[in-house]
1. Working out 0.36 nm times the residue gap between Ala216 and Glu293, then minus their Cα-Cα distance, what length gain in nm do you get to one decimal?
2. Give the shape of the stretch 159-283 as rounded, prolate or oblate, defined through the alpha-carbon gyration tensor: a ≥ b ≥ c are the square roots of its eigenvalues, a/c under 1.5 means rounded, and otherwise the shape is prolate if a/b is larger than b/c and oblate if not.
3. Given a cut-off of under 8 Å on Cα pairs at least six residues apart, what relative contact order in percent is computed for the stretch 155-206?
4. Run the simple label-point estimate for Glu273 and Arg198 please: 7 Å along Cα→C-beta, distance reported in nm.
5. Which whole-Hz ³J(HN,Hα) couplings does the stretch 256-265 yield from phi under the Karplus relation 6.51 cos²θ - 1.76 cosθ + 1.60, θ = phi - 60°, glycine and proline marked x?
6. Longest exposed-loop-site-free stretch of the chain, with GluC sites (Glu not before Pro), DSSP loop and at most 16 other Cβ within 10 Å?
7. Please turn the phi angles of the stretch 195-208 into ³J(HN,Hα) values with the Karplus equation 6.51 cos²θ - 1.76 cosθ + 1.60 (θ = phi - 60°), one per residue in order, whole Hz, x for glycine and proline.
8. If you take the beta carbon distance between Glu14 and Ser265 as r and set R0 to 30 Å, what does 1/(1 + (r/R0)^6) give as a FRET efficiency, to the nearest 0.05?
Amino acid sequence: MRAMVLRAPGRPLELTELPDPEPGPGQVRIAVGACGVCRTDLHLLDGELPDPKLPVVPGHQVVGAVEALGEGAGRFAVGDRVGVPWLAWACGECRFCLSGRENLCERAEFTGYTRDGGYAELAVADERFCLPAPEGYGDVAFAPLLCAGLIGFRALGMTGEAERLGLFGFGASAHLVCQLAVHEGRRVFALTREGDDRAQGLARQLGAEWAGAVPADPDSARGSAAPPEPLDAAIIFAPAGELVPVALACLERGGVVVCAGIHMSAIPAFPYELLWEERAVRSVANLTRADGEEFVRLAPRVPVRAELQEYSLADAGHALEDLRRGRVRGAAVLNVRDGATGPG
Ligand SMILES: [Zn+2]
Ligand SMILES: [Zn+2]
């Protein structure tokens, strides 16, 4: 099979011919139709994630049809369409797995990081961690739901009943969360890089009540600058630690800032008054299978639809570079089976 392989952090991905992977016990082999491109893949390339499998095939939003079954596998039939998310495996025995928090499993394995992922024509996955593809979603349309959508869904859950929701950074995940939040009757405020008219336009189109630039610092968040009202919760998608005090300064008392990314630059010191009055800062890590199943049931009812920017498998490097430079509107996806209609 052909795959895009990362040999070491800092190196470009290489289009490589690899032996077809064999499904192990309880695993399925999938003919990959599409694989989403995520900021986490950039952190992997840049060496910001500890101890990756190397070489590794990145990609953790993998969609395709089951085409071979490993020993004992029987949850899916050959031909069934499935998605493979970030959580590839959890032990089922540790204190976290035993308390409904397999996302925090001490021995967890991750797709496209500690195991090979979906930047390839074939992928193998533990059938218990695959999700059935929802009706009405092709491979390319389903792919971004598997991380951008799912992590956003979990992050949104951490905001409780927050009515006024701020989304800091309006990329793949935020544009899906925005649809969910609007569907739930929340009021969405989108905060983007200064002058990012494309992202702000997309946010308004998807139902955000207000879209504007992220305030430059906590002080300007409290002045007449954006956003127009205090927020009950904020989700930070951009990997920029300096946004944490800014988001806190935008919060109503009792509000929460949820950091949704796997990696963030250092959070600068800030005065305690920004946290005072029961404001909170927390992170969201990974996902559980229960999150995945719930989100896959919910997505068609909204319906959650990703804005798609398609690339071919061999163009994965370009997709990642576009993501790095903020040139992706919505979600970048590798169309592995059909190639791409061209970036942009
Ligand atoms: Zn565990
Ligand atoms: Zn991801």
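1. Fully extending the segment from Ala216 to Glu293 adds 23.9 nm.
2. Cα axes put the stretch 159-283 in the rounded bin.
3. The normalised contact order for the stretch 155-206 reaches 41 percent.
4. Using points 7 Å along Cα→Cβ, the separation is 4.0 nm.
5. 10, 9, 10, 9, 9, x, 7, 9, 8, 5
6. Maximal segment without exposed cleavage sites: 195-276.
7. For the stretch 195-208, the Karplus-derived couplings read x, 7, 5, 4, 5, 5, x, 4, 4, 5, 4, 8, x, 5 Hz, x marking Gly and Pro.
8. That pair, Glu14 with Ser265, gives E of 0.60.
Here, each number is a calculation from the coordinates, and none is a lab measurement. None of the values given here were measured: they were computed from a predicted structure. Counting neighbours? That spans all protein chains shown, and the Cβs are built from the backbone with ideal geometry, glycine included.
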